[in-house]
Every structure is written in structure tokens, then in C-alpha cells.
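These notes concern the structure reproduced below.
The values are calculated or read from the model by the stated rules, or taken from the named source; none is laboratory data. Note that the coordinates shown come from a computational prediction; the quantities given were computed from them, not determined experimentally. All Cβ positions, even for glycine, are placed from backbone atoms using ideal geometry, and neighbour counts span all protein chains on display.
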Amino acid sequence: MEQETTEPAKRIKLSATSECYANAILTDEYMQELPRAVVYLSELENKRQISCVMQELSKMLPMEKMGLQHLKRVRQQDIILCKVNDLSGQSIREYLATVGLSENTILILCKNLREQEVPSTAPLLRWQYENAQKYWPCKFHPDKYIESLHSGSIFNEKDRTFHTKITEILFEISSKLEENKPCGICIDPRNNAIVAAASSRITISPVMHCPMVLVDYVARTQGGGAWQKELTQEFGNLDGNSDKEMEENSILSGIPTSYLELLRNDKRFTDVQIGAEPIRCKTTVEEMVQNQQSSNMDNLAKYGPYLCTGYDLYLSQEPCLMCAMALVHSRARRVYFLNRSSNGALVTRLKLHSVKELNHHYEVFECKKHDCSNNTNCS
Ligand SMILES: [Zn+2]
């Protein structure tokens with residue numbers, strides 16, 4: 001596995017006028033034109049013949065059997081017979097006889113044959129549907145959510161303001177406290193609170209890439225964390241004198257002291273919530289389950305956080321394969337990144353979130369700056 005480069009991270013250019021636009025990195029099936037297959041078409045002499053041949057065709061050669069159920073069978077007087085590849089050496093007449101069509105129907109169908117390219121899979125997004133229609137009429141069942149990911153309408157003005165603020169915090173931490181090293185922030189999207197923040201520590205260990213450290217800091221807020229010994233100096237004394245102080249300290253245990261100071265002292269960030277949800281005791285969860293309060297709740301609401309379940313991560317750099325996998329294991333909900341990495345595993349080298357065999361999938365967004373001062377309009 002490749003290590004993250006030790007060169008200083010690219011400086012994240014941000015200005016007060018730039019707003020952050022998060023573009024979803026969708027898997028290839030949503031981004032590519034639909035694959036096509038060649039079919040035999042029969043042009044009938046008149047529309048009355050359609051109902052004659054249809055009965056036999058839909059029984060002996062149903063579109064489902066050919067995997068073409070997403071297509072309409074008929075366009076005006078043209079009717080789809082079968083895929084050219086399905087013939088396996090036979091002539092079309094022989095093939096139609098083999099599948100059991102009557103001689104009379106075969107005669108009608110073979111009078112005026114031609115080949116035609118059609119989409120071989122169903123359209124998933126509207127743009128694919130519109131494109132597919134140029135080849136052959138298609139059926140389409142739009143998925144509103146994926147459509148909103150593709151168009152960007154999933155985020156409103158308020159979301160964009162929040163994304164912008166988090167990228168500003170990343171920039172401040174990276175440039176003021178971490179010598180432009182890759183940085184990351186974990187957010188609880190239920191209240192937009194900062195759960196943890198971290199930076200690359202590859203000077204301590206080669207596996208301490210920023211996302212690995214970030215996941216470890218998230219684990220600290222849940223009483224875990226594998227690198228307590230290696231990474232102590234960034235945190236102040238977390239023991240409190242009272243129970244209240246102990247709880248206060250534990251919910252802040254994922255954020256290094258210097259970052260906390262920066263967040264508290266910079267006027268731009270004082271409205272950002274800080275701290276993880278307190279660890280719940282087991283009995284509270286059991287009571288909720290017993291009282292059936294939980295039937296409509298997701299796992300995050302029900303059991304509280306387990307590693308990054310339900311959490312969103314904002315990273316200055318696209319994660320490498322090791323880190324992208326760590327984010328799968330820790331069950332992140334969304335991963336936002338600012339800069340592409342040469343060893344990136346979410347868009348540059350591969351799209352890890354498109355590997356269907358993985359047992360968890362997060363959504364991926366690339367944050368781009370929309371700089372209002374770069375206006376191209378003449379006014
Ligand atoms: Zn990495």
C-alpha cells in the first residue's frame with residue numbers, strides 16, 4: 001500500500017467570498033452512458049399485424065427472458081424480436097422456429113428485418129433516460145434521491161453555508177496549527193456538532209494518516225481509541241473534578257486542545273457546536289427498546305454513536321485506500337473531501353464506494369469552491 005506523500009499538503013485556497021459546493025461522486029453506473037445491444041427488428045406492414053404477432057412473441061420470446069424488460073417492445077410498426085447475439089450461429093428464421101413461433105408468424109416477422117442498437121440496461125437517471133430514448137423507447141422509474149445527488153439539489157443554501165464553514169475551519173487548523181498537513185473533521189449531522197478533529201501524524205507512525213487519526217479520536221469520545229499512548233500530548237487533562245466536568249471532558253475528548261482554543265477564540269466559529277453525544281448507559285437503551293420508543297429510530301438515534309455510524313467526515317485530502325477502507329469499517333455516513341490525492345481511493349485511483357461486495361457504503365462528495373469574485377458576467 002502506498003504511503004501518503006510527506007510533502008506538505010496543497011494549500012487550500014479559501015476566501016471570504018468563496019462558497020463551497022459539494023458534488024456527489026456517484027458510482028460509474030450513474031455517470032456513464034447505458035451499454036447497448038443489437039437486436040433484430042421487424043417492420044410490420046400495418047399496425048393490425050402487431051396484435052397478431054404479439055401474443056406469440058410475448059409468450060415464446062418475452063422481453064424479460066432477454067433482459068430487455070426496460071424497453072418498450074413496439075415503436076410504431078417496428079417490433080423487437082430478439083438480441084442478435086442470442087442466435088448462436090442459427091439464422092433468424094431457424095431461431096424463431098426453435099423458440100416455438102408458428103410458421104405463419106415467422107413469415108410475417110421475417111418480411112422486413114433489420115438490426116438496431118438499443119440500450120441493454122435500464123436507465124437510472126433522467127439524463128440516461130433522455131439519451132436512451134434516442135435509440136429506443138424506454139421505461140423509466142426515477143429515483144428522486146439519487147437524482148438530487150446528481151443535480152446537487154440535495155443541499156440547500158444552509159447546507160452550503162455549513163460546508164463552507166467547516167472547510168474554513170479545516171483551513172485554519174491546517175495552516176495555523178498543522179503546517180499545512182492534511183486535516184479532517186468529524187461531524188454529527190443531527191446537530192451539526194464537531195465530534196472530533198485531527199491531522200496527519202505520519203511523523204509518529206507511517207499508518208497515522210489523517211483519517212486514521214480522526215477515526216481514533218472519534219473512538220475516544222466513545223471510551224475507546226487505540227493510540228491513547230502515542231497521541232497524548234495534544235490533549236489536556238481530561239479528568240474532571242466533578243461528574244459534570246468529567247462528562248464535559250469526555251464529549252470533547254476527540255478534539256485536541258489547541259483546536260478547541262482556535263474554535264473558541266475565532267469569532268467566525270463561535271456559532272459552531274462542539275462535542276460528541278455523551279456515552280449512553282446500557283440501561284437507557286434497554287428501557288427505550290422496551291418502551292418501544294425506538295421503532296421509528298435509526299441505529300444512531302437508538303444506540304448512540306458506534307464509531308462513525310451516522311457521522312459525516314470532512315477531509316482536506318481525498319483518502320487513500322487504507323483510509324477509505326478504515327472509513328468503511330467505521331461506518332461513516334458521508335465523506336467530503338477538498339483536494340484530490342494522487343493515491344486517492346474515492347475518485348482518483350478507484351471509487352471504493354462502488355465496490356458492491358463491501359458490507360457498508362458511504363456517500364462521497366468533492367467540495368469545490370464557487371468564487372463569487374470570479375464573475376464572468378459583464379455588468
Ligand atoms: Zn491515507
Exercise for the section: Within region 10-29, identify whether any single residue is within 16 Å of the ligand (Cβ to nearest atom), surrounded by 12 or more Cβ atoms within 10 Å (Cβ to Cβ) and at pLDDT below 80, and answer yes or no. Expected result: yes
Exercise for the section: Quickly run through region 201-233 and pick out the residues that are of a type in the set (Lys, Arg) and at pLDDT 90 or above. Expected result: Arg201, Arg220
Fill in the blank from the handout: Pairs returned, first residue in region 341-352 that is in the same structural domain as Cys320 (by TED's automatic domain parsing), second residue that is polar (S, T, N, Q), beta-carbon separation under 6 angstrom, 6 or more apart or interchain, are Ser341/Gln317; Lys351/Thr27
Handout entry: Qualifying residue in region 131-139 (condition: free of Cβ contacts under 8 Å to residues at least 60 places away in the same chain and outside the structural domain of Leu81 (by TED's automatic domain parsing))
Key = yes
Problem - Segments classed as helices (runs of 4 or more DSSP H), wholly inside region 167-271, with at least 3 members that are more than 28 Å from the chain's Cα centre (by Cα) and either charged (D, E, K, R) or within 16 Å of the ligand (Cβ to nearest atom) (or both) - result: 243-251
Exercise for the section: Could you look through region 304-331, keep only residues that are under 15 Å from the mean Cα position of the chain (by Cα) and in a helix (DSSP H, G or I), and pick out the one that is farthest from the ligand (Cβ to nearest atom)? Expected result: Val328
